[in-house]
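Everything on this sheet refers to the single structure shown next.
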Amino acid sequence: MSDTTIDPTITATPEPDPAHGGGQGHSDVGHQSTTGISNTKLAMWLFLGSECLLFGGLISTYMLYRNRQGDAIGPDQLWDIPFTSATSFVLLMSSLTMVLAVSAAKRKEERNTRLWLTVTALLGGLFLAGQVYEFTVFYREGLGYTTSLFSSSFYTLTGFHGVHVAVGIIMLMSLVGMLAKGRIVGDKAETVEMVGLYWHFVDVVWIVIFTLVYLIPA
Amino acid sequence: MSTDIHPTDTVTHDEHETHAAHEVSDKQYILIALFLAVLTAMEVAVTEIAGMPEALLVPSLLIMMAIKFFVVVSYFMHLKHDATIFKFGFYIGLAGAVVLYAAMLATFHFFIG
Amino acid sequence: MAIIERPTDTPALARVGGGLVTPTTSYGYFRRPVQSTGWRSWAFTVDHKKIGIMYGAVAMIFFFIGGFEALLIRLQLAQPDGTILSADKYNQMFTMHATTMVFLFVMPMAAAFANYMIPLQIGARDVAFPRLNALSLWTFVFGGIFINSSWFLGGAADGGWFMYAPNSSVPFSPTNGVDFWTLGLLMTGVASQVGAINLIVTALNMRAPGMTLMRMPIFTWMALVVQFLLLFAIPIITVALFLLLFQRNFDATFFSVADGADPLLWQHLFWLFGHPEVYILVLPSFGIISEVLPTFSRKPLFGYPFVVFSGAAIGLVGFGVWAHHMFASGLGPISVAVFSVSTMAIAVPTGVKIINWTLTMWGGKLWFSTAMLFAIGLIVQFTLGGLSGVTHAVAPSDTQQTDTYYIVAHFHYVIFGGAVLGLFSGMYYWWPKVFGKMLNETWGRWNFWLMIIGMNLTFGPMHIIGLQGQPRRMYRWTENRAGEGFFNLGFWNLVSSIGSLILGIGALLFLVNIWVSRKNPPAPADPWDARSLEWITTNPPKEHNFDRTPTIHSLDEFFHRKYEDVGEDGQHEYKQVRTGEQVIAEEEAHADEHIHLPSPSYWPMILSLGLLVICYGVIYSFLVIAVGAAIVILALFGWALEPSTADDSEFDPPSDGGQPSKELAHV
């Protein structure tokens, strides 16, 4: 049943609501929101929620096919756990430097922000280099993309992750450039935080991949 | 990139208070990162233990993985101290993914032997 | 006319190192378009209303394309040994008919309504991310064009809209058709995903003061549930589409049985998306008639909270029933039993809605406008479809029905009788709001009745021929397999085909109605004596929607501003204290002084074009992929770097010759 109270102040003059930002020429969108939180941040979390379903699909495809290599080379013969642990550690540390960048941005330390962002991008690049090296080794040992179901699923899953990392690195470096040139309109700390959320998510997906793909025996 | 137009120092009051009350310092972040590194090392070490039955190995790896996952999400991504709606959006996606894909794998008899 | 403040020395423009960064001091070629008339004001708009209209117009075009494809199918099956379509063409026809209707008509038409109405229903001036909204539109348009270009480029996809593997792989589908389908759906998937994020943030974050979630108009609620469904379902089909793409283009073996693959993987991934998809199709229409029925029953929606929660429940449970599309695929008895039960469960919240709609009308003062006819039509037709659905839920009986025309009957009753009738109801209801004119009611009646008669003659007999054993996707039937007696396959197929012609004519009458109504006088401000917030605007709304953001005091805000409850002792009795025009005038009298609208932009369309180029590149040439990728990257940077608003000098000069602060711009 609908609410039936009539407000007699309907015809009265409107409440001057400072939260509307009236009179300052601000955009009506985003500055003041119903829930009190930022549009961009909400959008990023929703996007990350949906990415769980993307990576979940790729991961479960891998899990289904992980033992289907026929006579071709399989996970047990391929994995170099010490090496992969090292690259995983690198990615983990990049999450730390990312968080330090966000922290610096909140304190408006512009140089430190750009420094930590750059280090994060470098660590991400190091991780990717490690992936490329690892795949080259696998390829030489006989694991091509079409060799088996296991290989297709493995490369597709890690490939999608790698592309996400690469996009993240581009975003980080673009952010560094835009901060340096003052091209960020609006809340800089929030923009850094948004990129950070994406970056941490990419790290978190790797946490899952590292365990499920490399550590859990096939 | 924010397309909204608002002055750089405008964060809603709610967020300011939340941040002030639960500000995680840089030092704490470093400690958390160290904890994650140690946990990763433990994960690897556990796989090296000869003769460990799979029934013990797999759950312990999954638990360590989950702890790392939630620590990064809660602290590095600040979800623990952020608005509930973010948790809603993200965890529904995560829970949905886990449940749906586990159900799918179950129909393939993935979890049976 | 909008009062738009031109930025002069605004704090919005970043100050770095002491200098003022203005749009023209940075990258000159990244200016923003400012045209307010002509084709450019539509092509580069970020206004949700224009975007909504374009979504709807393009969707209608695809409706008639998909309808034409259906007519060809029915012509082929009207007689034995049909020669209108070869087997191969027939496969392409039913694949494209379904793909077009589902992805290029119903979903975008629902998006049209959601885009147009959600901001108006919540008291906002636009969506949360206007440029992303434009991106959704153009990605959809180019994706739809891309898929349909396959007709001219070697043949369309021919594996059915569900594209089962390994039938969809190269050995069995050697033309590029399936690749066009896969890439085109990846594009429309991007459109839906981006739109979902946009509208969720809009509905949650941009409601007018006083509008709690339980005061939100019911269409916005249903549309919000749909956006969540899209958000979580689209990534799943994205995975499936990529696996298929890699299978066909890079020789991956995901669905090659000889290499140990399991074809059921495709089926699971597809239906994990596919089942929520059907609720994505129908829930917007449920939302639309939940607005229409109360208006034309002169009563509030019965059990608003129940309608809200049952909508959310349908969305949630809808993720748990997907394998009922796979009962005959060899899942095993346990899986079949589980999904059988969950499918039965979903009938419950749906039934709750039917009850609420019926009780809304009960005791009301019914006004049988065309919109109301379509709404009641939905209740009747969808219920029929739901009843056959219940028979599918019982797995043993479904084993008999699956892959026969009985299933075709079911889903056409729920999709056509449910989703499509609801969309038509919405069009008749909101036409005066969007276009400022009423659609003709007499033509509307003809439109409605011919569609109803047509659809029942087309899809009703399909129940019978399904149970008589006619399989789906069979390009022709022969006399000696038509069964005995007069009322055999032959008879009912002919009836169905005649029905489809009537349905086609009925649908065309809608276009006729648009044409004859184009010179109608302007519609009154409140033609239906409506209840919800979008009607507290002019017809059509001004560019900025509301002269001031309204303050909300209740559900059905517009109604309660017009009618006061003078009942005593808990009885409700409503007396009209204001007309709709007066309510609108009151808001206009207190117009905001400064209204800032988001500026148009080139980049969403350019980014979509880049994606289109990439898609053609995947099929034809890697070099073209590189070109497309370059366009996409350029567009992304352009998007990020363009000034947040157009430059001063681009706006019309101030009439007083002095400092521009606010003036009237041509809109």
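Looking at (1) away from chain C (no Cβ under 12 Å); (2) touching a Lys or Arg at 6+ places or on another chain (Cβ under 7 Å); (3) over 24 Å from C:GLU642 (Cα atoms), which is the only condition A:HIS164 fails?
For A:HIS164, the failing item is (2).
Considering every residue within region A:145-155, establish whether at least one is more than 9 Å from every other protein chain (Cβ to nearest Cβ), closer than 25 Å to B:THR47 by Cα and assigned to a loop (DSSP other than H, G, I, E, B).
No, region A:145-155 has no match at all.
Kindly establish whether A:ARG66 is farther than 27 Å from A:GLY196 by Cα and at pLDDT below 95.
Judged against the criteria, A:ARG66 is a match.
What are the residue pairs meeting all of these: first residue in region B:98-113, first residue more than 7 Å from chain A (Cβ to nearest Cβ), second residue polar (S, T, N, Q) and part of a helix (DSSP H, G or I), Cβ atoms under 6 Å, and 6 or more apart or on different chains?
Pairs found: B:THR107/C:SER335.
I'd like the residue in region B:68-84 that is at pLDDT 90 or above and facing chain A (nearest Cβ under 7 Å) and, out of all such residues, is surrounded by the fewest Cβ atoms within 10 Å (Cβ to Cβ).
Filtering first and then ranking leaves B:PHE69.
Quick grid of which residues meet (1) out of contact with any helix residue (DSSP H, G or I) (no Cβ under 9 Å at 6 or more places or on another chain); (2) not hydrophobic (A, V, I, L, M, F, W, C):
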| position | (1), (2) |
| --- | --- |
| C:TYR475 | no, yes |
| C:PHE486 | yes, no |
| C:ILE502 | no, no |
| C:PHE510 | no, no |
| C:PRO527 | no, yes |
| C:ALA530 | no, no |
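Just checking, does region C:143-150 include any residue being in contact with an Asp or Glu (Cβ under 7 Å, 6 or more places away or on another chain), in a helix (DSSP H, G or I), more than 21 Å from C:GLY638 (Cβ to Cβ) and touching a residue at least 24 places away in the same chain (Cβ under 8 Å)?
No, that holds for no residue.
Quick check on region C:547-561: of everything there that is hydrophobic (A, V, I, L, M, F, W, C) and out of contact with any strand residue (DSSP E or B) (no Cβ under 9 Å at 6 or more places or on another chain), which residue is farthest from the other protein chains (Cβ to nearest Cβ)?
C:PHE558
If you go through region C:194-232, how many residues are without any contact (Cβ under 8 Å) to a residue 60 or more places away in the chain, touching a Phe, Trp or Tyr at 6+ places or on another chain (Cβ under 9 Å) and either more than 21 Å from C:PRO108 (Cβ to Cβ) or of a type in the set (Gly, Ala, Ser) (or both)?
2
What number of residues in region B:46-62 are more than 10 Å from chain A (Cβ to nearest Cβ) and surrounded by fewer than 11 Cβ atoms within 10 Å (Cβ to Cβ)?
Looking only at that region, the number is 6.
Can you pull out the residues in region C:244-277 that are part of a helix (DSSP H, G or I) and at the interface with chain A (Cβ under 7 Å from one of its Cβ atoms)?
C:PHE246, C:PHE250, C:ASP259, C:LEU265, C:LEU269, listed by residue number.
Has region C:428-447 got at least one residue that is part of a helix (DSSP H, G or I) and among the β-branched types (Val, Ile, Thr)?
Yes: one or more hits.
Which numbered condition in (1) in contact with a helix residue (DSSP H, G or I) (Cβ under 6 Å, 6 or more places away or on another chain); (2) farther than 25 Å from C:TRP515 by Cβ; (3) touching a residue at least 60 places away in the same chain (Cβ under 8 Å) is the only one that C:THR399 fails?
Status for C:THR399: all satisfied but (1).
Quick check on C:ALA240: is it at pLDDT 95 or above, assigned to a helix (DSSP H, G or I), of a type in the set (Gly, Ala, Ser) and more than 20 Å from C:LEU132 (Cβ to Cβ)?
Yes, satisfied.
State all residues of region C:330-359 that are among the polar types (S, T, N, Q) and more than 22 Å from C:LEU378 (Cβ to Cβ); if no residue qualifies, say none.
C:SER335, C:SER340, C:SER342
Pairs under 6 Å by beta carbon, first residue closer than 13 Å to C:PRO522 by Cα in region C:430-456, partner assigned to a helix (DSSP H, G or I), six or more apart or different chains?
Pairs found: C:MET438/C:PRO432; C:LEU439/C:TYR428; C:LEU439/C:TRP431; C:LEU439/C:ASN513; C:ASN440/C:ASN513; C:ASN440/C:VAL516.
C:ALA165 passes all but one of (1) of a type in the set (A, V, I, L, M); (2) at pLDDT 95 or above; (3) crowded, with 24+ Cβ neighbours inside 10 Å; which number fails?
(2)
Between residues in region A:85-109 that are at the interface with chain B (Cβ under 7 Å from one of its Cβ atoms) and residues that are of a type in the set (Asp, Glu), which pairs lie under 8 Å by C-beta distance while being six or more apart or on different chains?
A:LEU92/A:ASP203; A:SER95/A:ASP203; A:LEU100/B:ASP26; A:SER103/B:ASP26
The values are calculated or read from the model by the stated rules, or taken from the named source; none is laboratory data. As the structure is a computational prediction, the values presented were derived from the model and not from experiment. Cβ sites come from the backbone with ideal geometry, for glycine too, and all protein chains shown count toward neighbours.
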